[in-house]
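Please read the structure below before turning to the comments.
The values are calculated or read from the model by the stated rules, or taken from the named source; none is laboratory data. Everything numeric here is computed off the predicted structure, so don't read it as measured data. Positions of Cβ are backbone-derived with ideal geometry, glycine not excepted, and every protein chain shown enters the neighbour counts.
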Amino acid sequence: MELNMELRGQVFDYLLRHADDRLVLGHRLSEWCGHAPMMEEDLALANIALDLIGQATLLYKLAAKTEGSGRTEDDLAFLREPSEFRNLQLVEQPNGDFADTIARQFFFDSYDVLFLEKLSLSAYTELAGIAAKALKEAQYHLRHAQRWMLRLGDGTEESHNRLQDSVVNLWCFSKELFVPDNLDQVLVTERIGVDLKAVNSSWQETVTDTFREATLDIPGDEQYFASGSRGGYHTEHLGFLLAEMQVLQRTHPGAIW
Amino acid sequence: MSAWDYIRSVPDPEIPVVDVVSMGIVREVEETLDCVTVTITPTYSGCPAMAEIESGISASLHEAGYKQVEIKTQIAPAWTTEWITDEAREKLRNFGIAPPERRCASGIGGNSVACPLCGSEETRLMSEFGSTPCKALRVCQNCLQPFEHFKCI
């Protein structure tokens, strides 16, 4: 589909949001490599990280092509400041203990499967193709996170309490996954983007069912909820993550090997 | 020999007993006098073998005398294990990797997968993630051997 100048900029911003989610979460998961509680989990988390970073690469490539100003996927990943990143605050949260990582992953994966199902119908066919491919991977990721939610939640007293703490601590980052802004609305009208409100109710169902089976309590809504990440507002954790991820390109611009 | 025949000599870098064509990675080959364009579909978004596959295909065609080789990547329709040929499935099994099922089951549990070593259907999933993005880890309840399963996507 042919995009006019204005729409091209909007699609570029939209692609960055969803590429940034995947790059930042993929980087977080890669921090587990060599440190996971068991061998199988080390492989699983590294594999999921690889899928997410691969998806980010495809989205950044499409973003660079859509922008058409000669930037590459590497420029977008390594040469932007924290305030230029548009990822959700959820995905930049530190790994914490294994329960924190699983809770963060469950919230994201359960959203991601529903999001990608809708995105695979996008009128921007190249984006739809990337989404259809990523969806196959996201389904595996969700099953992995769900299994661990059950195992830890309905496990020992210790594992149950720790996972319950994790979901309470991360709950404040769960709302903004589904709060559409102007850009979302424009792209829904153009049939390019996803109607987040339509995804929200299915997500609530997945969460309610999994929590019930895992014997976890769903935190209440009478609390602070994070917002603004799509506009470049982040927690302090993103800056440290990017500093580590970007150090090579920042120190030796253009370095390749 | 056509360009297809040369590409068939390129092994999958992760599982060298099978070639890139029988794994369903090569979509299209267009040949003109001394130029050839090959369209490939990546297996997983982050599969690190794709760069190796591209350079393998390029090298085999250059060696065969094609002066200009272009590799294009096509993402849609997404790669599926249904494109793996029967012959390649048999080679995977003989290599000790349980081939993907013809039809994917969704949800937790999935299909029963036969042990590639003793043939028993009594096998258990250890992890949906293995040494490469495309494989899961299983263990056979009968011969007690752990083995890899090429997962169905």
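Please count how many residues of region A:138-154 are under 9 Å from A:Val113 (Cα atoms), within 8 Å of chain B (Cβ to nearest Cβ) and touching an Asp or Glu at 6+ places or on another chain (Cβ under 6 Å).
Result for region A:138-154: 0.
Looking only at residues that are free of Cβ contacts under 8 Å to residues at least 60 places away in the same chain and among the hydroxyl-bearing types (Ser, Thr, Tyr) in region B:110-144, which one is farthest from the other protein chains (Cβ to nearest Cβ)? I'd like the intermediate steps shown before the answer.
Here is the first cut: in region B:110-144, the ones free of Cβ contacts under 8 Å to residues at least 60 places away in the same chain are B:110-131, B:135-144.
Next cut, among the hydroxyl-bearing types (Ser, Thr, Tyr) only: B:112, B:120, B:123, B:127, B:131.
Values: B:Ser112: 17, B:Ser120: 22, B:Thr123: 16, B:Ser127: 4, B:Ser131: 7 Å.
That would be B:Ser120.
If you check B:Arg89 against the conditions, is it farther than 27 Å from A:Thr125 by Cα, part of a helix (DSSP H, G or I) and not aromatic (Phe, Trp, Tyr)? Walk me through it before giving the result.
Values: farther than 27 Å from A:Thr125 by Cα: yes; part of a helix (DSSP H, G or I): yes; not aromatic (Phe, Trp, Tyr): yes.
So B:Arg89 fits the description; yes.
Does any residue in region B:35-46 that is facing chain A (nearest Cβ under 10 Å) come within less than 9 Å, Cβ to Cβ, of a residue that is buried (at least 20 other Cβ atoms within 10 Å of the Cβ) and in a strand (DSSP E or B) six or more places away or on a different chain, and which pairs are these?
As it stands, the answer is B:Thr41/B:Val26, since those pairs meet every condition given.
Within region A:165-184, is even one residue out of contact with any Pro (no Cβ under 7 Å at 6 or more places or on another chain), farther than 16 Å from A:Gly231 by Cβ, hydroxyl-bearing (Ser, Thr, Tyr) and buried (at least 16 other Cβ atoms within 10 Å of the Cβ)?
Looking for residues that are out of contact with any Pro (no Cβ under 7 Å at 6 or more places or on another chain), farther than 16 Å from A:Gly231 by Cβ, hydroxyl-bearing (Ser, Thr, Tyr) and buried (at least 16 other Cβ atoms within 10 Å of the Cβ), one finds at least one in region A:165-184, hence yes.
Say whether the condition of being away from every other protein chain (no Cβ under 14 Å), in contact (Cβ under 8 Å) with a residue 24 or more places away in the chain, assigned to a loop (DSSP other than H, G, I, E, B) and farther than 28 Å from A:Leu59 by Cα is met by at least one residue in region B:68-84.
Filtering region B:68-84 down to residues away from every other protein chain (no Cβ under 14 Å) leaves B:68-71, B:84.
With in contact (Cβ under 8 Å) with a residue 24 or more places away in the chain added as a condition, the list becomes B:68-71, B:84.
Still in the running and assigned to a loop (DSSP other than H, G, I, E, B): B:84.
Next cut, farther than 28 Å from A:Leu59 by Cα only: none.
No: zero hits.
Could you grab the pairs with beta carbons closer than 8 Å, sequence gap of 6+ or different chains, first residue in region A:32-59 and under 17 Å from A:Asp97 (Cα atoms), second one buried (at least 20 other Cβ atoms within 10 Å of the Cβ) and hydroxyl-bearing (Ser, Thr, Tyr)?
Between residues of region A:32-59 that are under 17 Å from A:Asp97 (Cα atoms) and residues that are buried (at least 20 other Cβ atoms within 10 Å of the Cβ) and hydroxyl-bearing (Ser, Thr, Tyr), the close pairs are A:Trp32/A:Thr101; A:Leu45/A:Thr101.
Of A:Ala128, A:Ala103, A:Ala132, A:Ala123, which residue is surrounded by fewer than 24 Cβ atoms within 10 Å (Cβ to Cβ), more than 13 Å from chain B (Cβ to nearest Cβ) and either over 16 Å from A:Glu205 (Cα atoms) or in contact (Cβ under 8 Å) with a residue 60 or more places away in the chain (or both)?
A:Ala123 is the lone residue from the list that is surrounded by fewer than 24 Cβ atoms within 10 Å (Cβ to Cβ), more than 13 Å from chain B (Cβ to nearest Cβ) and either over 16 Å from A:Glu205 (Cα atoms) or in contact (Cβ under 8 Å) with a residue 60 or more places away in the chain (or both).
Quick one: is A:Val91 within 14 Å of chain B (Cβ to nearest Cβ), β-branched (Val, Ile, Thr), outside any loop (DSSP other than H, G, I, E, B) and out of contact with any strand residue (DSSP E or B) (no Cβ under 8 Å at 6 or more places or on another chain)? If you could, list the steps in order and put the result at the bottom.
Numbers: within 14 Å of chain B (Cβ to nearest Cβ): no; β-branched (Val, Ile, Thr): yes; outside any loop (DSSP other than H, G, I, E, B): yes; out of contact with any strand residue (DSSP E or B) (no Cβ under 8 Å at 6 or more places or on another chain): yes.
Spelling it out, it is not the case that A:Val91 is within 14 Å of chain B (Cβ to nearest Cβ), β-branched (Val, Ile, Thr), outside any loop (DSSP other than H, G, I, E, B) and out of contact with any strand residue (DSSP E or B) (no Cβ under 8 Å at 6 or more places or on another chain).
Being outside any helix (DSSP H, G or I) and farther than 28 Å from B:Gln74 by Cβ, is that true of even one residue in region A:47-69?
Our first condition is that a residue be outside any helix (DSSP H, G or I); within region A:47-69, this holds for A:68-69.
With farther than 28 Å from B:Gln74 by Cβ added as a condition, the list becomes none.
No - not one qualifying residue is present in region A:47-69.
Does B:Glu121 satisfy being outside the structural domain of B:Val36 (by TED's automatic domain parsing), buried (at least 19 other Cβ atoms within 10 Å of the Cβ), modelled with pLDDT under 95 and outside any strand (DSSP E or B)? Break it down stepwise before answering.
Working: outside the structural domain of B:Val36 (by TED's automatic domain parsing): yes; buried (at least 19 other Cβ atoms within 10 Å of the Cβ): no; modelled with pLDDT under 95: yes; outside any strand (DSSP E or B): yes.
Judged against the criteria, B:Glu121 is not a match.
Matching residues to (1) at pLDDT below 95; (2) surrounded by 20 or more Cβ atoms within 10 Å (Cβ to Cβ):
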residue: A:Leu3; (1), (2): yes, no
residue: A:Val11; (1), (2): no, yes
residue: A:Arg28; (1), (2): no, yes
residue: A:Glu31; (1), (2): no, no
residue: A:Leu45; (1), (2): no, yes
residue: A:Ala49; (1), (2): no, yes
